[in-house]
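Bear in mind that the values in this text are calculations on the coordinates, not laboratory data. Every value quoted in this text rests on a predicted model; they were computed, and no experiment measured them. Positions of Cβ are generated from backbone atoms using ideal geometry, with glycine treated the same way; all protein chains shown enter the neighbour counts.
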Amino acid sequence: MPSTRRQFLAGAATLAAAPSLAAAPPAGRQVPSLYRTRIGEIEVTAVSDGIINLPPQVFGDANLAESRRLLAEARLPTDGPVPCAVNTFLVNTAGRLALIDTGSGEALGPTMGQLPANLAAMGVQPGMVDLVLLTHLHRDHAGGLCDRDGRALFPTAELVVPEAEAAFWLDEGNIGRVPQGSRGGFAYARQVAAAYQGRLRRLPGGASPVAGVTSIDAFGHTPGHTLYRVASGADQLLVFGDMVHVPALQTRHPGWGIAFDVDPAGAVATRRRVLDMAAADRLLCAGMHMDFPGLGFIRREGDGYGIIPAPWRPLL
Ligand SMILES: [Zn+2]
């Protein structure tokens, strides 16, 4: 054993310089990104759709210096692109498969759109999904519903959209009420409604679209942004959509909105309320933008919050 760190590093350099005997070339991409947990009788699988690269400016110019400080502290790039995970969650409840959110499909470039391949890797074809539940209609959550030509990618699934979310995005009279970069959402919502005509269900807050799952209003980020509580026996999981986009920043500063918030003050108030509830009740949370697999607990840290990643388990 090397006796000092210097000797250890010198030894590692010698090993690195040795010619490789491996026949397999590097793959250059991730293995299937799936992770499963159990909530009572319900199995939930985190399925990655990839990552979006965000500029640090999305939290506002006023917060840029502090943003860079926290990114450096978290060993993340300080000048962008900042990786923002995009997760979906497949809920297997009472013999039915309900997929919460769909990632972006092909809409947001090659670091995204991994959902179909990851589902296939666990043996799930789109035709096996009974319901798709949306947290909201932003493209990184709903873009995987349709292909490039606007055809439904889930051929038989019922599409469940929060009532307030459908009402807002299907009324183009609201176009002046959203940030410039989100205005394409109106045309996309119309395309989704056409593709899923006859099987689109508008879900009121507090309703149960499938056994063990209940919706919770969490408006602000979008006018119908919705969380889902998955519960069975004594266990529960809070699927909390876009409560945070870059956890290293918005848990420390829950008052920071992102440029895509439709109602910035409402989004902040909702984030504070939900993070506070999750911390107080020690809820297991599933974040669409928490680092894959997106499962963890929220705890209070100083004026803000932190995340304790859920431990990995081989058996459920
Ligand atoms: Zn969003």
- Query: So how much slack lies between Ala211 and Glu66, counting 0.36 nm per residue of separation and subtracting their Cα-Cα distance, in nm?
  - Reply: 47.9 nm
- Can you tell me the FRET efficiency between Leu315 and Asp149 if r is taken as the Cβ-Cβ distance and R0 is 41 Å, rounded to the nearest 0.05? 0.45
- Message: Quick check: pseudo-label points 7 Å beyond the Cα along Cα→Cβ at Met277 and Ala27, how many nm apart are they?
- Response: 3.8
- Can you work out ³J(HN,Hα) from phi for every residue in the stretch 282-292, in order, using Karplus 6.51 cos²θ - 1.76 cosθ + 1.60 and θ = phi - 60°, giving whole Hz and x for Gly and Pro? 6, 6, 6, 10, 10, x, 4, 10, 7, 3, 3
- Item | Dipole magnitude (debye, nearest 20) for the stretch 14-157, charges at Cβ of Lys, Arg, Asp, Glu | 260
- With the contact rule set at Cα under 8 Å and sequence spacing of 6 or more, what percent relative contact order holds for the chain? 16
- Message: If the only charges are +1 at each Lys and Arg Cβ and -1 at each Asp and Glu Cβ, what is the size of the charge dipole of the stretch 212-312 around the Cα centre, to the nearest 20 debye?
- Response: 180
- Message: Spelling out what I want: for every residue of the stretch 79-84, take phi, set θ = phi - 60°, compute 6.51 cos²θ - 1.76 cosθ + 1.60 (Karplus), and round to whole Hz; glycine and proline get x.
- Response: 10, x, x, 8, x, 10
- Message: Charges on Cβ only, +1 for Lys and Arg, -1 for Asp and Glu, centred on the Cα centroid of the chain; of Gly181, Met277, Leu153, which one is farthest towards the dipole's positive end?
- Response: Met277
- Please work out whether the stretch 101-228 counts as rounded, prolate or oblate from its C-alpha gyration tensor, where a ≥ b ≥ c are the square roots of the eigenvalues and a/c under 1.5 means rounded, while otherwise a/b larger than b/c means prolate and anything else oblate? oblate
- Item | Integer Hz, Karplus 6.51/-1.76/1.60 couplings in order for the stretch 105-112, x for Gly and Pro | x, 8, 6, 10, x, x, 7, 10
- Given 10 Å bins starting at zero, what is the percent of C-alpha pairs of the stretch 140-215 in each, up to the one with the largest pair distance? 18, 47, 31, 4
- Item | Cα-based Kirkwood hydrodynamic radius, the stretch 163-313, one decimal, Å | 16.4
- Item | Sum of side-chain charges, Met277 neighbourhood, beta-carbon under 14 Å (Lys, Arg +1; Asp, Glu -1) | +4
- Query: How many angstrom lie between the C-alpha centres of the stretch 81-113 and the stretch 174-208?
  - Reply: 17
- Message: Relative contact order of the stretch 155-303, please, whole-number percent, based on alpha carbon pairs below 8 angstrom and at least 6 residues apart.
- Response: 20
- Ranked from highest to lowest mean number of other Cβ atoms within 10 Å per residue, what is the order of the peptides 101-108, 142-149, 45-52? 45-52, 101-108, 142-149
- Student exercise, the chain dipole from Lys, Arg, Asp, Glu Cβ charges, in Debye to nearest 20: 680
- Task: Over 33 Å, how big is the tail of the calculated P(r) for the chain, in percent of all Cα pairs?
- Result: 27
- Message: If amide hydrogens are placed 1.01 Å from N in the peptide plane, which non-local residues have theirs closer than 5 Å to the one on Val82?
- Response: Leu54
